[in-house]
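Coordinate-derived values only; no laboratory data. As the structure is a prediction and not an experimental result, all values here were calculated from the model. Positions of Cβ are backbone-derived with ideal geometry, glycine not excepted, and every protein chain shown enters the neighbour counts.
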Amino acid sequence: MGDALRLLVDRIAAPIGELVVVADLQGRLRAVDWTDHESRMLRLLDIHYGPGGHVLEPESDPGGLSTALAAYFAGALDAIRGLPVETGGSAFQRGVWAALRGIPCGGTITYGELARRIGRPGAARAVGLANGANPVGVVVPCHRVLGADGSLTGYGGGIERKRWLLEHERGSVRQ
């Protein structure tokens with residue numbers, strides 16, 4: 001396991017559940033997920049880095065990422081905007097994830113519009129699949145993507161969390 005990627009893991013409380021925060025030694029965010037979906041996150045890490053290709057080590061506030069996420073949940077919405085992110089994934093997936101970071105806080109977009117923005121107007125379903133494989137939710141804001149009719153659709157953490165995140169970003173959730 002000497003060649004395995006060392007990843008630092010922290011857990012933080014949020015108003016809508018506990019988050020697992022995974023960073024590399026350079027302080028870049030590698031994964032974020034809700035603890036009730038931790039097994040999915042671990043599978044994604046295996047897909048991106050290979051089974052046995054990474055080792056998880058407990059660390060308090062790696063790279064200040066936990067502090068930034070806690071600030072976001074406390075109402076400092078800009079606290080996560082520039083966080084460094086490093087992900088695996090295909091070139092297409094990384095393109096979708098980069099485009100997600102361009103959606104303004106409090107704003108939303110449809111899968112079809114996101115597909116158009118990345119120059120793949122017929123790829124709304126593929127964009128949806130890439131969105132669903134996003135390993136760094138909240139920071140790479142997949143929750144800001146809606147169905148063609150504006151409905152809340154598919155969020156790995158659950159629709160109620162998606163609704164809360166959108167309301168939080170729009171200033172509707174009282175702290």
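Taking other C-beta atoms within 10 angstrom as a stand-in for reagent exposure, D10, D36, D149 fall in the order D149, D36, D10, fewest first.
Distance between the 7 Å Cα→Cβ label points at H37 and S90: 2.1 nm. Summarising the strand pairing of the chain, around 60 percent of its internal DSSP beta bridges are antiparallel. Distance between the pseudo-spin-label points of L152 and L25 (7 Å out from Cα toward the beta carbon): 4.1 nm. For segment 110-135, the residues whose amide N sits under 12 Å from a probe point set 7 Å from the Cα of A98 along the beta carbon direction are 118-119. Gap in Å between the Cα centre of segment 103-175 and the Cα centre of segment 13-38? So the two Cα centres are separated by 18 Å.
Is the shape of segment 69-123 best called rounded, prolate or oblate, per the rule: a/c under 1.5 gives rounded, else a/b larger than b/c gives prolate, else oblate, with a ≥ b ≥ c the square roots of the Cα gyration tensor eigenvalues? Oblate. For A126 and E18, the FRET efficiency from 1/(1 + (r/R0)^6), where r spans their Cβ atoms and R0 equals 25 Å, is about 0.20.
Taking the number of Cβ atoms within 10 Å of each Cβ as an exposure proxy, the fewest-first ranking of V20, V55 is V55, V20.
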